[in-house]
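The values are calculated or read from the model by the stated rules, or taken from the named source; none is laboratory data. None of these values were measured; they are calculated from a predicted model. Heads up, the Cβs are rebuilt from the backbone with ideal geometry, glycines too, and the neighbour counts pull from every protein chain shown. These area figures cover heavy atoms from the full protein model, side chains too; ligands, DNA and RNA do not enter into them. Shrake-Rupley method; radii C 1.70, N 1.55, O 1.52, S 1.80 Å.
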Amino acid sequence: MPNSIDTSFFKLKKASFLMLLCFHFSYAQNTSIDSLNYLLSKETTDSKKLQLLEDIVTTASNTDFKKAIVYARMAVKLADQTQHNTWQPKFNEMKGRIHANLLELDSASYHFDKAFNGYFDIDDKKGQATTLFKIGWVYKKRGDLENAMKSDLKALKLMESINNKAGIAGANTRISEDLCRQERYQEALEYALKNIAFCNKNDLNEELVFSYTNAGSAAIAMNNPEDSYMYFDKALSLAKALEFNPMSMCDFLNNRGNALKRLGRYDEALLDYKQVLKLSEQTNYKNAWITVTANLGEINLLTGNYQEALKYQLQTVQNQEENNDLANLTENYGHVSTIYEKLGNYPLALAYQKKARIMRDSTARLESDKTMSNLLTQYETEKKESTIASQKNQLAQQKIVQWLSIGLVTLLLGFLFFGYKSYVARTKSNKLLAAKNKQNELLLKEIHHRVKNNLELVKSLIALQSAQLEDSVTKDAMIASQNRVQSMGIIHQKLYQGENLGNVEMKDYFLNLGEGILDTFNADDKVKIEYAMDNLELDVDTAVPIGLIVNELLTNALKYAFPKEAKGNISISLSKPNPETLTLKVVDNGIGKTAGLAPKGTGFGSQLIKLLTQQLDGEMTEDTLNGTSFLFNFKF
């Protein structure tokens, strides 16, 4: 018994020490931010302002994401206005990372895309690779493991091309994680152990922490909690020695808690989880908070505290559903179902069991699609083999005929010779045509790329001009023009980035457009844009006017629908209910319009919407009952 008390006291001291360390870290960071902010207010040189903003965003990212995102927005805007090509992608990458930690995946994806394009334009391979790591992370959170692996492999090739040892180790760490998520645990463990040796050889201690973590994740998946605990504990100890920030410590504590849970050491696991809960709330680290609430729910379920388990588990699934975070959602639905069953609430237990089955079936369907694809490939192969066999039989019959009639054989050979010559000529012609088409495709992509860059230049010139204006009406008009140019630039960006040079995927386009406009009005904290639509491709001639219409409606909503600090939502949907009709709907829950009151602004935006609607042979209906709703029906 004394040993048990001494052990508990030691754990309590260790936990208190970590919290005290976090408090001092947070206090020092906030003091540092205040000092840097003071220097920023006194600085007049743009380059030095950008350097100070980088320091502030980096510092704030360790303690307060909400504060970090405010400064990151300032940095992105200043970099755009001053055309600092090296700073633009860096700040977009930083802003994307903050959104990612808040599980705002759409916003994160938008800024990571901008960062990657910026790094690509200045031929910064390391920047491209680090951004691809983050793009891969977003894919993983969305359950798209195939594209996640593609991003990580592409990043690995870039890091190898510049012989960046830390980058190579980082890529290998992520590939090991990808293999683990694909349930290829033995390969994941082998990759992690190989990376541990690589990190030790090259003194890469930070990446060594993550390699230990991956080895632990693979070991626990292979039902080896002893090895898992060893690797996770090594990762945590090394992270403490290297003074990782509190948010990283959340992840390492979570991992060790998982291993302790699997070993049946529930009290120790609970201590780790409670530390994570407190740290994640202090730092507003939403990703860690969701993970630890799920773990707290599970461990309370294992120890029979069903009401406490239900509280944490419902919080987890609610947040995952709100953020479209599919990672482990099937498992968490299953835990909620089990808890309700233990509590005797069988209808809700059944409801969550159905949710788990639907989520699992959607994943299984992906595997089924792969199986069907393999079967189709096998079928095509067998069909070709059958055709070849048939041709061989025919050739054998022709040989028999050769003995009967030499003249006929000669004639047949003549036909075959000329047929072969014709085939070779056609094949050569087809290859030349394919090469020409490829060349034209590259030229067309280059044209779209240059048009996008020219429009970006026009947008920047307008931004520079508007920054010097004092008249608010003129300034608003310039900002509106800037957004219109941006809406067309995004179209050309999507065209040269995509596989189809003639069509634009509209949901992805609206996402980029919405994020850009929210950034312009500094409104991403108070207004959320929802994209209630499936993927839909449109030709350029249709996409451009629809993009301009949505741009005008979003701009008007952000200017007038949500006065002062009012928060709200805007919903965009585009669908094709039948082959001849295209339906666009933009709805906000703002203050609406007052009857008889003259409309605000110059009226140019409204006139532009009407002209574009006529151009697409459409009709517009406006409803101002609850907020403002615009419905368009275009003849397609």
- prompt: When residue 74 is evaluated against the numbered criteria (1) open to solvent by less than 50 Å² (accessible area, probe 1.4 Å); (2) at pLDDT below 85; (3) more than 12 Å from the chain's Cα centre (by Cα), which criterion, by number, is the only one it fails?
  reply: (1)
- prompt: Can you tell me how many residues in the range 136-170 are within 19 Å of residue 235 (Cβ to Cβ), of a type in the set (A, V, I, L, M, F, W, C) and more than 17 Å from the chain's Cα centre (by Cα)?
  reply: 2
message: Out of everything in the range 109-124 that is surrounded by fewer than 24 Cβ atoms within 10 Å (Cβ to Cβ) and farther than 29 Å from residue 283 by Cα, what residue ends up being nearest to the chain's Cα centre (by Cα)?
response: 117
message: Can you tell me which residue is farthest from residue 205 (Cα to Cα) among those in the range 235-249 that are modelled with pLDDT of 90 or more and in a helix (DSSP H, G or I)?
response: 249
- prompt: What pairs can you find where one residue is in the range 135-156 and at positive phi, the other is not small (Gly, Ala, Ser), and their Cβ atoms are less than 7 Å apart, with a gap of 6+ or different chains?
  reply: 143/326
- prompt: In the range 174-205, how many are polar (S, T, N, Q) and open to solvent by less than 70 Å² (accessible area, probe 1.4 Å)?
  reply: 4
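Yes/no matrix, rows are residues, columns are (1) out of contact with any Asp or Glu (no Cβ under 8 Å at 6 or more places or on another chain); (2) modelled with pLDDT of 85 or more; (3) among the hydroxyl-bearing types (Ser, Thr, Tyr):
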| site | (1), (2), (3) |
| --- | --- |
| 252 | yes, yes, no |
| 270 | yes, yes, no |
| 273 | yes, yes, yes |
| 283 | no, no, yes |
| 287 | yes, no, no |
| 298 | yes, yes, no |
| 319 | no, no, no |
Check on residue 246, open to solvent by less than 40 Å² (accessible area, probe 1.4 Å), without any contact (Cβ under 8 Å) to a residue 40 or more places away in the chain and of a type outside the set (Asp, Glu): no
message: Where the second residue is surrounded by fewer than 19 Cβ atoms within 10 Å (Cβ to Cβ) and at pLDDT below 95 and the first is under 18 Å from residue 99 (Cα atoms) and lies in the range 114-132, which pairs have Cβ atoms under 7 Å and are six or more apart or on separate chains?
response: 132/154
- request: Report the residue count in the range 94-108 for those that are surrounded by 23 or more Cβ atoms within 10 Å (Cβ to Cβ) and more than 21 Å from residue 60 (Cβ to Cβ).
  value: 0
message: Regarding the range 226-235, can at least one residue be identified that is small (Gly, Ala, Ser), touching a Pro at 6+ places or on another chain (Cβ under 7 Å), closer than 22 Å to residue 192 by Cβ and surrounded by 17 or more Cβ atoms within 10 Å (Cβ to Cβ)?
response: no
- request: State all residues of the range 206-225 that are open to solvent by 60 Å² or more (accessible area, probe 1.4 Å) and closer than 12 Å to residue 169 by Cβ; if no residue qualifies, say none.
  value: 206, 210
Long-range neighbours under 7 Å by Cβ, at least six apart or interchain, first residue closer than 13 Å to residue 201 by Cβ within the range 157-172, second open to solvent by 70 Å² or more (accessible area, probe 1.4 Å): 168/160
Residue, modelled with the lowest pLDDT, within the range 147-168, restricted to residues that are under 23 Å from residue 222 (Cβ atoms) and crowded, with 22+ Cβ neighbours inside 10 Å: 148
task: Filter the range 531-584 for residues that are free of Cβ contacts under 8 Å to residues at least 24 places away in the same chain and under 18 Å from residue 631 (Cβ atoms) and give the result.
output: 577, 578
- prompt: List, please: which pairs have Cβ atoms under 6 Å, are six or more places apart or on different chains, and start with a residue in the range 183-196 that is over 12 Å from residue 210 (Cα atoms) and end with one that is not in a helix (DSSP H, G or I)?
  reply: 185/222
- prompt: Is it true that some residue in the range 34-50 is among the polar types (S, T, N, Q), modelled with pLDDT of 70 or more and under 22 Å from residue 518 (Cα atoms)?
  reply: no
